[in-house]
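J.: What follows is a structure written as structure tokens; I'll ask about it next.
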Amino acid sequence: MTEITAPKSAVTAEQFADEIREQLKYTQGVTVEQAKPADVYVAASAAVRRHLMDSWFKTQSDMVNGNTKAVGYLSAEFLMGKQLRNALLNAGLTEQFDAAVKELGFSVQDVVDAEHEPGLGNGGLGRLAACFIDSLASLGVPAFGYGIQYKYGIFEQKFDENGKQIETPDYWLTNEEPWGHIDYNRDQKVSFGGEVVEEDGKKVWKPAWSVRAVPVDYMVPGYASGRVNTLRLWTAKSYDEFDLLTFNKSEYLDAVKPQVEAENISKILYPEDSTPQGKALRLEQQYFFVSASIHDAIRVFYPGQDKPDLTTFADKITFQLNDTHPVIGIPELMRVLMDEYGYDWDTAWTVTNKTFNYTCHTLLPEALEVWPSKLIGELLPRHLEIIEKIQDQFAAELKAKGVDEATIKDMAIYTGDSVRMAYLATYGGSHVNGVAELHSQLLKDVTLKNFSDVYPDKFTNVTNGVTPRRFVKLANPRLSDLITEGLGTDKWVSDLELLKGLEPLAADDEFVKKFAAVKQANKVDFSNYAKREYGFDIDPNTMINTMVKRLHEYKRQALKILAVIARYADIKSGRIAADDVMPRTIVFGAKAAPGYYLAKQTIQLINNVARVINNDPDVKGKLNVYFPWNYNVRLAQHLIPAADLDEQISQAGKEASGTGNMKFALNGAMTVGTLDGANVEIRERVGAENFFLFGMTVDEVDALYAEGYDPKKYYEADPRLKAAIDMVADGTFSNGDKTVYEDLVHDWLTKDWFMTLADFGAYTAIQSEIEALYAQPLEWNRKALINVANSGYFSSDRSMEDYLERIWMTGPLK
Ligand code: 73E
């Protein structure tokens with residue numbers, strides 16, 4: 001007997017169809033006959049939202065009236081993915097929806113496809129935030145996600161006829177968007193500029209301009225928890241200043257300029273991943289959402305109180321700073337407590353310090369935000385004063401602890417010229433965490449070493465995780481059914497460590513064959529999807545080998561494409577007989593930041609390698625390369641279940657964690673990877689014999705830097721590597737034009753900061769091991785199944801439990 005615990009609403013399919021009809025008629029004003037799939041999508045979304053409404057109310061009132069501290073997850077990005085399927089799952093309405101849509105005469109796929117995914121994030125950091133709020137709701141922990149409802153999310157990526165990346169705006173809000181509820185009555189005023197004056201011995205900020213922050217609320221339904229939390233994304237509206245009317249007509253355009261500029265604040269998501277751009281607008285965005293969120297939390301937790309006792313604030317809510325982007329919240333809470341509510345510095349500091357915690361997501365020094373003091377002074381003069389005072393207090397504290405002058409200077413939050421946001425966050429909050437064990441260790445040993453020496457107790461690790469609802473249950477229904485069959489229960493969806501129970505089944509050939517059949521069927525599905533969406537002809541009988549993530553030099557897509565070229569040359573030259581080649585289909589997915597030149601060249605190269613290889617009859621059926629454009633959550637959900645082998649090949653010590661690695665392992669792909677980020681823990685858990693490890697370690701990388709790295713040496717020493725690079729240089733992938741990849745090749749041969757060339761030998765060497773195993777399908781699938789069985793730890797539910805226990809000190813609503 002299989003135990004089924006998935007939520008199931010008592011509503012019948014017929015009733016749900018009626019609810020959709022009613023929405024169509026009374027809200028949208030169309031008959032079923034007139035309706036298009038997009039209308040049905042909106043109606044069904046509104047209908048499922050109604051089913052969640054009571055739980056949403058109850059969660060809110062329990063949160064405000066209860067005594068369980070809430071979590072406020074402050075994040076500039078929430079990369080949510082499509083909402084409908086997830087909401088249906090958690091509302092227990094999936095089957096009813098499928099039947100109702102058919103009854104109404106529509107195709108389920110057309111209706112689901114009508115949803116445009118909100119791309120309000122760049123990559124891993126934004127998707128992590130989405131996984132975390134899903135898990136908090138599923139654990140029944142009261143929580144708010146606080147961020148920005150960008151009008152334009154991450155750009156839509158296209159490729160031109162030369163294979164270059166083209167960025168086009170993502171018009172995600174042009175059609176009706178049924179999930180976000182705009183709440184004009186719970187707005188907040190956020191001010192900027194002006195000056196600070198003294199009045200009656202008190203500092204008073206006289207801002208120059210203000211924006212109206214209006215919340216757009218998204219339900220965050222938990223799985224089987226009966227709880228629905230809130231994702232509150234702020235949108236910027238201008239105040240229609242009365243002044244405007246006094247302007248004469250000819251000045252009208254100028255008169256509206258400040259208004260237009262105000263609304264620009266929430267217009268666009270910055271498309272940089274890992275490297276921040278020092279733009280004033282970005283700081284405005286950060287302050288905008290953080291200030292609104294702090295005031296919102298006070299409104300929510302001290303309802304109707306003119307003089308709330310904010311010394312209890314940290315007992316009501318704990319704010320998690322998702323990277324440095326929301327760190328301006330620290331001086332903002334200080335300002336609010338002192339200037340708006342009259343608390344003294346020390347009281348404000350105690351509350352602020354207790355309220356905030358900081359997650360660092362990087363090891364790249366250039367990715368730790370530093371703001372010019374001048375900019376902060378112009379935009380937020382009062383905050384700059386507060387930051388200066390924090391610096392004074394900090395320096396005095398360090399001195400009292402016996403820290404020497406030079407170190408105190410090194411640790412400065414405020415240097416006079418600039419403000420280091422990571423340092424402000426580390427000092428201003430209670431805890432600092434990295435996102436994987438290796439990353440947290442490197443934060444302590446390198447990036448934030450001085451801080452960890454002085455405040456060792458602040459530092460902790462929480463290894464990232466991913467939600468099993470979206471990335472297994474929704475994305476991979478076949479595997480989900482097989483897991484449930486194997487375990488005799490579907491409880492794993494909310495308790496992923498139960499997957500461990502599959503491990504004994506890896507010894508059962510029959511079960512392994514079923515597992516292999518699931519993978520094969522998923523590959524066929526993906527092949528059909530790729531045909532439909534991209535026009536690709538992917539052979540599902542080849543190994544599907546994926547590399548999907550932002551395009552960044554440290555992630556080393558270059559290593560993969562050079563190895564592909566080398567393999568191509570092997571076949572072309574007859575070094576390997578075509579019959580001995582194990583057929584592989586390589587699927588890339590990656591967006592490059594629009595201003596990141598080498599990353600964009602790499603994209604162009606991959607596209608052109610794909611073009612050349614896919615059109616070469618000599619390698620037909622042996623090697624294929626596809627690069628579906630615009631990698632996003634939707635594509636991820638289709639691709640990940642179909643992957644046989646996934647690449648996590650960053651230079652050791654550069655990828656903070658990675659979360660794609662977790663999704664692939666959970667879905668039964670094998671990983672080829674370096675000892676970097678969470679790969680280390682994945683390998684530890686799934687077993688070294690079930691993971692294809694290669695490449696230099698962090699220590700080896702450091703030693704090679706110290707010794708003086710010369711990529712040319714590796715190029716000269718390895719004829720296959722040399723041949724591959726020469727092909728790029730000689731125009732093989734640019735119709736004979738030798739200039740196209742000049743800069744890329746020059747960088748490889750003279751700089752190669754992430755040591756692609758040094759790891760090439762180890763990377764290509766492990767390929768024979770990979771192919772030998774793949775040639776034995778039963779053994780390959782056994783190992784892949786062991787990966788699934790041991791990936792339960794990488795549930796974001798577990799990450800949340802770690803945060804709750806080590807950092808937030810709170811738990812589920814009672
Ligand atoms: O290793 C990933 C990590 O898995 C890391 O690169 C990424 O965060 C993921 C989740 O922890 C990340 N993104 C950014 N920094 N680290 C970032 C920086 C600036 C803008 C946008 C994103």
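J.: Which of the residues that make up segment 260-282 are within 10 Å of the ligand (Cβ to nearest atom) and closer than 14 Å to Phe192 by Cβ?
T.: Arg282
J.: Limited to segment 359-404, what total is found for residues that are within 16 Å of the ligand (Cβ to nearest atom) and within 15 Å of Gln286 (Cα to Cα)?
T.: 4
J.: Okay, next question. Looking at this structure, is Lys514 charged (D, E, K, R), modelled with pLDDT of 95 or more and not assigned by TED's automatic domain parsing to the domain that holds Leu666?
T.: Yes; evaluated as a whole, the condition is true for this residue.
J.: Here's another thing I want to ask about it. Taking segment 309-318, which residues are under 21 Å from Asp183 (Cβ atoms) and either surrounded by fewer than 21 Cβ atoms within 10 Å (Cβ to Cβ) or in contact with a Ser or Thr (Cβ under 8 Å, 6 or more places away or on another chain) (or both)?
T.: Selection gives Ile317 alone.
J.: Still on this structure, please answer the following. Are there any pairs, at least 6 apart or on different chains, whose C-beta atoms fall under 6 Å, with the first in segment 648-659 and free of Cβ contacts under 8 Å to residues at least 60 places away in the same chain and more than 6 Å from the ligand (Cβ to nearest atom) and the second aliphatic (A, V, I, L, M) and open to solvent by 10 Å² or more (accessible area, probe 1.4 Å), and if so, which?
T.: Partner pairs satisfying both residue conditions: Ala652/Leu675; Ala652/Met696; Ala652/Val698.
J.: Do you know which of the residues in segment 527-551 that are within 17 Å of Asn661 (Cβ to Cβ) and touching a strand residue (DSSP E or B) at 6+ places or on another chain (Cβ under 8 Å) is surrounded by the fewest Cβ atoms within 10 Å (Cβ to Cβ)?
T.: So the residue we want is Val548.
J.: Quickly run through segment 135-154 and pick out the residues that are open to solvent by 10 Å² or more (accessible area, probe 1.4 Å) and either within 14 Å of the ligand (Cβ to nearest atom) or in a helix (DSSP H, G or I) (or both).
T.: Answer for segment 135-154, where residues must be open to solvent by 10 Å² or more (accessible area, probe 1.4 Å) and either within 14 Å of the ligand (Cβ to nearest atom) or in a helix (DSSP H, G or I) (or both): Ser138, Leu139, Ile154.
J.: For segment 165-175, does any single residue satisfy the condition of being under 25 Å from Leu93 (Cβ atoms) and outside the structural domain of Val111 (by TED's automatic domain parsing)?
T.: Scanning segment 165-175, I find at least one residue that is under 25 Å from Leu93 (Cβ atoms) and outside the structural domain of Val111 (by TED's automatic domain parsing), so the answer is yes.
J.: Okay, moving on. Pairs under 9 Å by beta carbon, first residue open to solvent by less than 20 Å² (accessible area, probe 1.4 Å) and small (Gly, Ala, Ser) in segment 336-363, partner in a loop (DSSP other than H, G, I, E, B) and at pLDDT 95 or above, six or more apart or different chains?
T.: From segment 336-363, the pairs are Ala348/Tyr341.
J.: Same structure, new question: Go through segment 283-303 and give me each residue that's within 12 Å of the ligand (Cβ to nearest atom) and surrounded by fewer than 18 Cβ atoms within 10 Å (Cβ to Cβ).
T.: none
J.: How many residues are touching a Lys or Arg at 6+ places or on another chain (Cβ under 6 Å) and more than 12 Å from the ligand (Cβ to nearest atom) if we restrict to segment 104-133?
T.: So the count comes out to 2.
J.: Is segment 108-118 home to any residue that is without any contact (Cβ under 8 Å) to a residue 40 or more places away in the chain and either surrounded by fewer than 24 Cβ atoms within 10 Å (Cβ to Cβ) or in a loop (DSSP other than H, G, I, E, B) (or both)?
T.: Yes, segment 108-118 has at least one match.
J.: Which of the residues spanning segment 168-199 are polar (S, T, N, Q) and open to solvent by 90 Å² or more (accessible area, probe 1.4 Å)?
T.: Correct list: Thr174, Asn175, Asn185.
The values are calculated or read from the model by the stated rules, or taken from the named source; none is laboratory data. Fair warning: this is a prediction, and the values are worked out from it, not measured in the lab. Neighbour counts run over all protein chains shown; Cβ positions are idealised from the backbone, glycine included. Quick note on the areas: whole protein, heavy atoms, side chains included, nothing else; ligands and nucleic acids left out. Shrake-Rupley method; radii C 1.70, N 1.55, O 1.52, S 1.80 Å.
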